[in-house]
Amino acid sequence: QVQLVESGGGSVQPGGSLRLSCATSGFTFSGYDMAWYRQAPGKQRELVATITSRATTNYADSVKGRFTISRDNAKSSVYLQMISLKPEDTAVYYCRAAWRPNVYWGQGTQVTVSS
(Lines give C-alpha, C1' and ligand atoms only; values in the text may rest on other atoms or scores of the structure.)
Protein backbone atom coordinates (compact mmCIF):
# COMPACT_ATOMS: atom_id res chain seq x y z
CA GLN A 1 0.00 0.00 0.00
CA VAL A 2 1.46 3.30 -1.14
CA GLN A 3 1.57 6.04 1.48
CA LEU A 4 2.93 9.59 1.46
CA VAL A 5 2.49 11.40 4.75
CA GLU A 6 3.41 15.06 5.05
CA SER A 7 4.17 16.72 8.34
CA GLY A 8 5.78 19.87 9.72
CA GLY A 9 3.24 22.44 8.64
CA GLY A 10 1.94 25.11 10.97
CA SER A 11 1.54 28.81 11.55
CA VAL A 12 4.52 31.16 11.52
CA GLN A 13 5.14 34.87 11.32
CA PRO A 14 6.62 36.46 8.21
CA GLY A 15 10.35 35.85 8.12
CA GLY A 16 10.00 32.59 9.99
CA SER A 17 11.04 29.09 9.02
CA LEU A 18 9.48 25.66 8.71
CA ARG A 19 10.72 22.25 7.64
CA LEU A 20 8.25 19.98 5.92
CA SER A 21 8.73 16.23 5.80
CA CYS A 22 7.14 13.59 3.60
CA ALA A 23 7.52 10.03 4.80
CA THR A 24 6.74 7.41 2.19
CA SER A 25 6.21 3.68 1.98
CA GLY A 26 4.91 1.06 -0.41
CA PHE A 27 7.09 1.85 -3.42
CA THR A 28 10.77 1.96 -4.39
CA PHE A 29 11.49 5.48 -3.18
CA SER A 30 15.03 5.74 -4.55
CA GLY A 31 13.83 5.35 -8.13
CA TYR A 32 11.23 8.09 -7.96
CA ASP A 33 11.47 11.76 -8.72
CA MET A 34 9.99 13.70 -5.81
CA ALA A 35 8.36 17.10 -5.68
CA TRP A 36 6.59 19.56 -3.44
CA TYR A 37 3.52 21.38 -4.71
CA ARG A 38 1.30 23.91 -3.00
CA GLN A 39 -2.24 25.17 -3.40
CA ALA A 40 -3.49 28.42 -1.96
CA PRO A 41 -7.22 29.08 -1.48
CA GLY A 42 -8.87 29.86 -4.80
CA LYS A 43 -5.72 29.13 -6.78
CA GLN A 44 -4.42 26.25 -8.85
CA ARG A 45 -1.91 23.82 -7.44
CA GLU A 46 1.60 24.95 -8.34
CA LEU A 47 4.99 23.28 -8.43
CA VAL A 48 7.35 24.49 -5.70
CA ALA A 49 10.44 22.29 -5.97
CA THR A 50 11.60 19.02 -7.47
CA ILE A 51 14.39 16.58 -6.77
CA THR A 52 15.13 13.76 -9.17
CA SER A 53 16.15 10.24 -8.28
CA ARG A 54 19.71 11.42 -8.86
CA ALA A 55 19.21 14.39 -6.51
CA THR A 56 19.08 17.10 -9.15
CA THR A 57 16.98 19.94 -7.81
CA ASN A 58 14.86 22.67 -9.35
CA TYR A 59 12.76 25.46 -7.86
CA ALA A 60 9.97 27.81 -8.75
CA ASP A 61 11.26 31.35 -9.17
CA SER A 62 9.10 32.51 -6.26
CA VAL A 63 10.96 30.32 -3.76
CA LYS A 64 14.53 30.28 -5.11
CA GLY A 65 17.02 31.16 -2.43
CA ARG A 66 14.47 30.58 0.35
CA PHE A 67 13.42 26.94 0.00
CA THR A 68 15.61 23.85 -0.15
CA ILE A 69 14.40 20.40 -1.18
CA SER A 70 16.31 17.31 -0.11
CA ARG A 71 15.81 13.57 0.11
CA ASP A 72 16.99 10.69 2.26
CA ASN A 73 16.67 7.43 0.37
CA ALA A 74 17.54 5.42 3.48
CA LYS A 75 14.47 6.88 5.20
CA SER A 76 12.30 7.01 2.06
CA SER A 77 11.64 10.63 2.85
CA VAL A 78 11.76 14.01 1.17
CA TYR A 79 12.03 17.36 2.90
CA LEU A 80 11.39 21.02 2.21
CA GLN A 81 13.30 23.53 4.31
CA MET A 82 11.61 26.93 4.10
CA ILE A 83 13.14 30.15 5.39
CA SER A 84 12.22 33.82 5.09
CA LEU A 85 8.59 32.83 4.77
CA LYS A 86 6.15 35.34 3.30
CA PRO A 87 2.36 35.61 3.61
CA GLU A 88 2.10 34.56 -0.05
CA ASP A 89 3.66 31.22 0.89
CA THR A 90 0.45 30.36 2.73
CA ALA A 91 -0.99 27.21 1.18
CA VAL A 92 -1.52 23.51 1.59
CA TYR A 93 1.75 21.80 0.66
CA TYR A 94 1.66 18.41 -1.05
CA CYS A 95 4.32 15.81 -1.61
CA ARG A 96 4.35 13.96 -4.94
CA ALA A 97 6.25 10.90 -6.17
CA ALA A 98 6.57 10.16 -9.87
CA TRP A 99 8.11 7.39 -11.98
CA ARG A 100 6.20 6.90 -15.18
CA PRO A 101 3.49 5.79 -15.32
CA ASN A 102 3.08 5.95 -11.54
CA VAL A 103 2.25 9.18 -9.71
CA TYR A 104 1.44 9.29 -6.01
CA TRP A 105 0.29 12.20 -3.83
CA GLY A 106 0.18 12.87 -0.13
CA GLN A 107 -2.76 14.37 1.70
CA GLY A 108 -1.12 17.75 2.29
CA THR A 109 -0.04 19.86 5.23
CA GLN A 110 -1.15 23.43 5.91
CA VAL A 111 1.37 26.26 6.07
CA THR A 112 0.10 29.63 7.24
CA VAL A 113 2.32 32.72 7.27
CA SER A 114 0.71 35.62 9.07
CA SER A 115 1.49 38.30 11.60
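The values are calculated or read from the model by the stated rules, or taken from the named source; none is laboratory data. What you see is a predicted model; the values in this text were computed from it and never measured. Every residue, glycine as well, gets a Cβ built from its backbone with ideal geometry; the counts of neighbours run over all protein chains shown. Keep in mind that these areas ignore ligands, DNA and RNA; they rest on the heavy atoms of the full protein, side chains included. Shrake-Rupley method; radii C 1.70, N 1.55, O 1.52, S 1.80 Å.
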Meets criteria (in contact (Cβ under 8 Å) with a residue 12 or more places away in the chain, open to solvent by 60 Å² or more (accessible area, probe 1.4 Å) and part of a strand (DSSP E or B)) for V5: yes
Subset of the stretch 86-115 (residues that are closer than 20 Å to S7 by Cβ, assigned to a loop (DSSP other than H, G, I, E, B) and not small (G, A, S)): T90, Q107
Across the stretch 25-47, what is the number of residues that are farther than 22 Å from K75 by Cα and either open to solvent by 50 Å² or more (accessible area, probe 1.4 Å) or of a type outside the set (K, R) (or both)? 9
Find the residue count for the stretch 35-73, including only residues that are part of a strand (DSSP E or B) and out of contact with any Cys (no Cβ under 7 Å at 6 or more places or on another chain). 19
Within the stretch 71-93, take every residue that is farther than 21 Å from G15 by Cα and either over 14 Å from the mean Cα position of the chain (by Cα) or polar (S, T, N, Q) (or both) and give me the one that is least open to solvent (accessible area, probe 1.4 Å). S77
Matching residues, the stretch 11-29, being polar (S, T, N, Q), under 11 Å from V111 (Cα atoms) and assigned to a strand (DSSP E or B): S11
Report, by residue number, each residue of the stretch 44-61 that is more than 18 Å from C22 (Cβ to Cβ) and under 14 Å from the mean Cα position of the chain (by Cα). none
So, first residue at negative phi in the stretch 52-74, second residue exposed (fewer than 15 other Cβ atoms within 10 Å of the Cβ) and part of a loop (DSSP other than H, G, I, E, B), Cβ within less than 7 Å, six or more apart or across chains; the pairs are R66/I83; R66/S84; R71/A55
